[in-house]
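The values are calculated or read from the model by the stated rules, or taken from the named source; none is laboratory data. For clarity, every value in this text was computed on a predicted model and none was experimentally measured. Here the Cβ is made from the backbone with ideal geometry for all residues, glycine too, and neighbour counts use every protein chain on show.
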Amino acid sequence: MIFAELDYPESYENIHDELVNFISLEFSNVQSGLQGDSWIWIFSESEKVVIDTFLSMKHEIKSDHLNSRLVIEVINHLKKRFVVNVYGTPEPEPHEE
């Protein structure tokens, strides 16, 4: 499910490192890469939140869990530095429809 999207003027490639560094300040278990698309995985206990550009030209915040505590924590942290457009209702990814 897609919960939110970041809004920024530059291309996602240009913001990738800043975004990874900012996420890593708050969360200790973070994996990331920039290989055609930007992707960041955040793990906490049994939860995983994904921030990626696989379906968009902007980073989207995603999780398989509708009631994810970690999604809320990630979005609240991102709001400290970035414009975050939070969806009123999470949107399914194409493979979830």
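Looking only at residues of the range 57-77 that are at pLDDT 95 or above and of a type in the set (D, E), we find that the one that is nearest to P94 (Cα to Cα) is E60. Would the range 66-73 turn up any residue that is among the small types (G, A, S) and under 12 Å from the mean Cα position of the chain (by Cα)? Looking for residues that are among the small types (G, A, S) and under 12 Å from the mean Cα position of the chain (by Cα), one finds none in the range 66-73, hence no. Applying a threshold of 6 Å to beta carbon distances and a minimum spacing of six or more residues, or different chains, the list of pairs starting in the range 46-59 at a residue that is closer than 16 Å to D7 by Cα and ending at one that is crowded, with 19+ Cβ neighbours inside 10 Å and small (G, A, S) reads T53/S38.
Close contacts from the range 6-17, counting a first residue that is in a helix (DSSP H, G or I) and a second that is of a type in the set (D, E), with Cβ to Cβ under 8 Å and a gap of 6+ residues or different chains, come to Y12/D37.
The condition (being assigned to a strand (DSSP E or B) and aliphatic (A, V, I, L, M)) is satisfied by just one residue among V50, V71: V50.
Within the range 78-97, take every residue that is outside any helix (DSSP H, G or I) and modelled with pLDDT under 95 and give me the one that is farthest from L25 (Cα to Cα). Among residues in the range 78-97 that are outside any helix (DSSP H, G or I) and modelled with pLDDT under 95, the one farthest from L25 (Cα to Cα) is E97.
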